[in-house]
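The values are calculated or read from the model by the stated rules, or taken from the named source; none is laboratory data. In this text the structure is predicted, and so the values were computed from the model without any measurement. Glycine gets a Cβ as well: all are built from the backbone with ideal geometry, and neighbour counts include every protein chain shown. Note: accessible area is taken over every heavy atom of the protein model, side chains too, but ligands, DNA and RNA are not part of it. Shrake-Rupley method; radii C 1.70, N 1.55, O 1.52, S 1.80 Å.
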Amino acid sequence: MKILVVNAGSSSLKYQLIDMETEGVIAKGNVERIGIAGSVLKAKGNGHEKVYEQDMPDHKVAIELVLHALTDGEIGVIKSMEEIGAVGHRVVASGEYFKKPTLVDGEVLKTLEKTFELGPLHNPAAATGVKACIEVMPHTPMVLVFDTSFHQTMPPKAYMYGIKFEDYKAYSVRKYGAHGTSHKFVSQEAAKYLGKDIKDLKTVTCHLGNGSSISAVDGGVCVDTSMGFTPLDGVLMGTRSGCIDASAVEFLARKKGYDAARMVTYLNKECGVLGISGVSSDFRDLIAGAEAGNERCQLALDMFAYQTKKFIGSYAAAMGGLDCIVFTAGIGENTPTVREGACEGLEFLGVKLDKEANYGKNTGSVREISAKDSKVKVLVIPTNEELVIARETLALV
Ligand code: ADP
């Protein structure tokens with residue numbers, strides 16, 4: 001079966017068509033500027049790339065163009081859209097409404113709307129993408145795959161905040177986590193690489209990208225994760241503050257004259273390593289800055305590695321042991337200084353990096369960067385969230 005994976009943003013739409021027999025990507029692309037002047041689809045298939053510059057006032061028109069690209073002479077990979085067995089849609093937030101991947105029907109679409117306030121930037125866009133696909137492919141099964149599903153196994157002692165229990169019940173304010181598909185994928189890949197049964201492994205997975213989250217995966221099951229009610233929690237990130245004392249938020253809001261909504265924007269968009277360095281949210285710029293002697297760039301890098309290390313240590317404690325650390329995503333896969341900083345001083349836990357392997361070339365496949373005599377295996381694993389979405393979709397249909 002061929003499965004189309006769709007990741008819809010408010011003005012963008014990324015897709016991959018995956019052949020589930022081989023799990024290979026047979027076509028992919030992304031649409032930008034939906035509803036804005038200058039909308040464009042960049043599509044790849046059959047070893048060719050084609051750019052479609054045409055007006056796309058809404059997601060329905062964008063999906064129609066994607067289907068056209070998938071069947072288009074030169075780059076087309078299928079004869080008709082009937083060949084698409086199902087569509088898997090990435091959804092960021094599920095709240096407590098959805099615990100696992102879900103087949104879409106009218107009721108499910110209504111429930112999805114209830115999650116909008118939990119993922120205000122992403123979930124309305126995902127719903128728009130689903131509706132657009134239904135209009136264009138009314139007979140093809142649609143599946144929602146949530147970033148939060150993998151974290152649903154956390155026990156209450158891990159996902160609860162120390163607020164009034166009645167308020168948790170009334171408003172579902174708790175930790176949900178994020179990047180679940182990535183944490184699931186790399187923890188499974190780690191077990192495969194190590195030739196171990198995942199049930200026997202205690203793994204800390206570090207998804208370090210523009211948004212970063214760290215998870216404790218015990219026996220293949222998530223038992224804790226660093227992101228919280230929203231993806232603002234945990235380590236500091238590109239532009240997000242990560243965890244901060246709530247009283248400091250109120251104090252800062254008063255000093256700066258910000259209301260609550262402005263404060264949330266400040267913490268999401270103006271802080272993190274960008275705010276600390278004053279230079280960039282991109283780690284390549286931070287590394288260049290630090291090498292040129294910029295102390296604030298160095299501080300941002302140090303804070304990021306240190307906070308990551310603290311999560312690794314606390315999750316080893318939470319699981320009562322540690323067999324494997326995985327680094328993935330843009331920074332995790334490409335930034336040896338961060339990996340080195342995050343593992344530095346963890347020898348007491350049995351973590352010993354092989355410096356040369358850590359600074360070795362990114363091969364785009366699984367790499368072991370721990371020393372031969374390291375008790376804890378340290379791996380770099382390229383993530384593949386689309387493949388997990390396709391697998392979950394296949395499993396449901
Ligand atoms: P997201 O998917 O959350 O947007 P990514 O996983 O693509 O983020 O990670 C993006 C970040 O990864 C960039 O901001 C950059 O800091 C870092 N990054 C990507 N490639 C490299 C590289 N070659 N060297 C260092 N950092 C990199």
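A few notes on this one:
- Counting the residues of the range 128-138 that are touching a Ser or Thr at 6+ places or on another chain (Cβ under 9 Å) and surrounded by fewer than 23 Cβ atoms within 10 Å (Cβ to Cβ) gives 2.
- In the range 171-197, residue least open to solvent (accessible area, probe 1.4 Å) [restricted to those that are in a loop (DSSP other than H, G, I, E, B) and of a type in the set (A, V, I, L, M)]: 178
- Residue in the range 329-340 that is farthest from residue 224 (Cα to Cα), counting only those that are assigned to a helix (DSSP H, G or I) and β-branched (Val, Ile, Thr): 337
- Among the conditions (1) charged (D, E, K, R); (2) in a helix (DSSP H, G or I); (3) modelled with pLDDT under 95, the only one that residue 166 does not satisfy is (3).
- The range 205-227 residues that are under 16 Å from residue 376 (Cβ atoms) and of a type in the set (D, E, K, R), paired with ones that are away from the ligand (no atom under 16 Å from the Cβ) and not in a loop (DSSP other than H, G, I, E, B) (beta carbon under 6 Å, 6 or more apart): 218/202; 218/319
- Counted residues, the range 347-377 - those being touching an Asp or Glu at 6+ places or on another chain (Cβ under 7 Å) and within 30 Å of residue 16 (Cα to Cα): 2
- Residue in the range 372-389 that is assigned to a loop (DSSP other than H, G, I, E, B), away from the ligand (no atom under 16 Å from the Cβ) and within 19 Å of residue 313 (Cβ to Cβ) present: yes
- Where a residue in the range 278-304 is under 18 Å from residue 343 (Cα atoms) and its partner, wherever it lies, is more than 10 Å from the ligand (Cβ to nearest atom) and among the hydroxyl-bearing types (Ser, Thr, Tyr), with Cβ under 7 Å and at least six apart: 300/277
- Test: residue in the range 205-212 that is of a type outside the set (S, T, N, Q), at positive phi and within 16 Å of the ligand (Cβ to nearest atom): no
- Spans of helices (runs of 4 or more DSSP H) in the range 31-150 with at least 2 residues acidic (Asp, Glu) and without any contact (Cβ under 8 Å) to a residue 24 or more places away in the chain: 106-114
- Residue match in the range 153-175 (condition: within 16 Å of the ligand (Cβ to nearest atom), out of contact with any Ser or Thr (no Cβ under 6 Å at 6 or more places or on another chain) and in contact (Cβ under 8 Å) with a residue 40 or more places away in the chain): no
- Qualifying residue in the range 221-229 (condition: more than 16 Å from the ligand (Cβ to nearest atom), small (Gly, Ala, Ser), in a helix (DSSP H, G or I) and modelled with pLDDT of 95 or more): no
- Flag for residue 361 being surrounded by fewer than 22 Cβ atoms within 10 Å (Cβ to Cβ) and more than 16 Å from the ligand (Cβ to nearest atom): no
Conditions tested, residue by residue: (1) in contact (Cβ under 8 Å) with a residue 40 or more places away in the chain; (2) part of a helix (DSSP H, G or I).
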position	(1), (2)
262	no, yes
274	no, yes
306	no, yes
313	no, yes
327	yes, no
342	yes, yes
360	no, no
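- Contact annotation: residue pairs with Cβ atoms under 6 Å, 6 or more positions apart or on different chains, pairing a residue in the range 189-204 that is small (Gly, Ala, Ser) with a partner that is surrounded by 20 or more Cβ atoms within 10 Å (Cβ to Cβ), are 190/203; 190/324; 190/326; 190/379; 191/201.
- Residues that are over 23 Å from the mean Cα position of the chain (by Cα) and either closer than 30 Å to residue 155 by Cα or within 12 Å of the ligand (Cβ to nearest atom) (or both), drawn from the range 298-321: 317, 320, 321
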